[in-house]
Amino acid sequence: MLALMIRTRPNSALRRTRRKRSSAKLNRFLIALHALIVPPAVAQDYPTKPIRLIVPYAAGGSSDIIARLYGQRVGETLGQTFVVDNRPGAGGVIGTEILSRCAPDGYSLILQDMPHTINPAVYGKVPYDPIKDFTPITLVARAPQWLFVFPAVPAKTVGELIALAKAQPGNLKIGSAGNGSGTHLMAELLMRGAGINLTHVPYKGAGPAVTATVAGEMSAVFTSMPAAISFVQSGRLRPIGVTTAKRHPSHPDVPTFEESGVPNMVLTHWFGVLAPAGLSKPILAKLNREFIAAADSPAIVERYKTLILEPATTTPEEFRALIETDLRRWGRVVKEANIRAQ
């Protein structure tokens, strides 16, 4: 009898193990089936908790200002708080990598800008794929780049700054939002186009670079107007050049770089919202719709006028096409100018 009991207990345990395995397989199947069926309902309920909006630069720059503006507006319409999370470093690479590793559930987004398409060429290799690892949602703004100088710098035009730089090679310092940033690239294009040598000093975002220029630590800085407008209005920064084809109506006394004899410097800096790759189509459609509605809201339209920003919205497909085009464009520019992150 004892022998019989010893033989039957393992068999009974084996049967129980098999039943557990079968039950686990069934549970996995049901979970998978549930995942296929539930997403539309989840999208209807989305969002049910705060949304993190990463800014890959320090606070105070144009990206930070735009992120907070949209975070407040879209947060109101979605009924959830947008938490702006500044993650500066490596010209935007650090914050972008953080987003690439987040779950594609709509609760982690990034306010991205043009350096997203510049960094792969400048750094040679970045820890993510700028296309495959992200879901484009929409553009939210475009802005020309402006060259600002500290008021004590004896240059009221780009031509005068070029003459000063040639008379004092390397003595003038130009700040940027970081190695490989759009503002760094603009500085390099200016130096090569004008045949001058400025000492480049990278910061962790446009905000700190602008602050350093206001303090007189830098002679000049490139940035879009939102990061500098208050200092321009108070006379602590002087704009001397703009990257538009024609003079900007907000400052008709500031000449373009083309007028100043510096070629290949006509461009606008774009800003847009990305999510991690794999974002469900219903949530993508909802976010695209909400951000576009926010861009058309009277509050943001009016704020754009004061910040000298241009409204710009797209479909996700149009935004992806822009990223692909700019990757090729800036790849060529960086190669030809031999620009590399320090």
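How large is ³J(HN,Hα) for each residue in the stretch 67-77, as worked out from phi by the Karplus curve 6.51 cos²θ - 1.76 cosθ + 1.60 (θ = phi - 60°), to whole Hz, x for Gly and Pro?
Computed from phi, the couplings for the stretch 67-77 are 4, 5, 5, 6, x, 5, 5, 5, x, 5, 6 Hz.
Who wins for biggest fluctuation among 91, 216, 207 in a Gaussian network model of the chain, springs between alpha carbons below 10 Å?
Its mean-square fluctuation being the largest, the pick is 216.
If only Cα atoms are counted, what is the Rg of the stretch 146-242, and what is its Dmax, in Å?
Just the Cα atoms of the stretch 146-242 yield Rg and Dmax of 11.8, 32 Å.
State which entries of 49/286; 204/281; 125/204; 125/335 exceed 22 angstrom in Cα-Cα distance in the structure shown.
Too far apart for the 22 Å limit: 204/281.
What relative contact order, as a whole-number percentage, does the chain give when Cα pairs under 8 Å and 6 or more residues apart are counted?
Computed value for the chain: 24 percent relative contact order.
To make sure I understand the rule: partners must be aspartates and glutamates, Cα under 14 Å from the Cα of residue 173, and not fewer than 8 residues away in the same chain. Which ones qualify?
Result set, ordered by chain and number: 188, 217.
How big is the antiparallel share of DSSP beta bridges in the stretch 146-242, given as a percent to the nearest 5?
Bridges in the stretch 146-242 are about 55 percent antiparallel.
Treat every Asp and Glu Cβ in the chain as -1 and every Lys and Arg Cβ as +1, leave all other atoms uncharged, and give the resulting dipole magnitude about the Cα centre to the nearest 20 debye.
2300
To the nearest 0.05, what FRET efficiency results for residue 49 and residue 332 with a Förster distance of 41 Å applied to their C-beta separation? Numbers along the way, then the final one.
Numbers: r = 43 Å, r/R0 = 1.04.
Efficiency, from the Cβ-Cβ distance: 0.45.
Figure the gain on full extension for residue 156 and residue 200 (residue separation times 0.36 nm, minus the Cα-Cα span) and round it to one decimal in nm.
That works out to 13.8 nm of additional length.
Give a residue-ordered list of calculated ³J(HN,Hα) values for the stretch 111-125 (Karplus: 6.51 cos²θ - 1.76 cosθ + 1.60, θ = phi - 60°; whole Hz; x for Gly, Pro).
Each residue of the stretch 111-125 in turn: 8, 9, 9, 3, x, 4, 9, 9, 4, x, 7, 5, 8, x, 7 Hz.
Share of antiparallel DSSP beta bridges in the chain, in percent to the nearest 5? The partial results should precede the final answer.
Working: 23 of 38 bridges.
Roughly 60 percent of the beta bridges in the chain run antiparallel, per DSSP.
Once the Cα gyration tensor of the chain is found, what semi-axes does its equivalent ellipsoid get, as square roots of 5 times the eigenvalues, in whole Å, sorted largest first?
50, 22, 16
By count of other Cβ within 10 Å, fewest leading, how are 146, 330 ordered?
With the fewest neighbours first, 146, 330 line up as 330, 146.
How big is the dipole moment of the stretch 146-242 about its Cα centre under a simple scheme where the beta carbon of each Lys and Arg is +1, that of each Asp and Glu is -1, and everything else is neutral? Debye, nearest 20, please.
60
Quick note: the coordinates plus some simple rules give every number you see, no bench work behind them. The shown structure was predicted, so the numbers you read here are calculated from the model rather than taken from an experiment. Note that each Cβ is placed from the backbone with ideal geometry, even for glycine, and that neighbours are counted across all protein chains shown.
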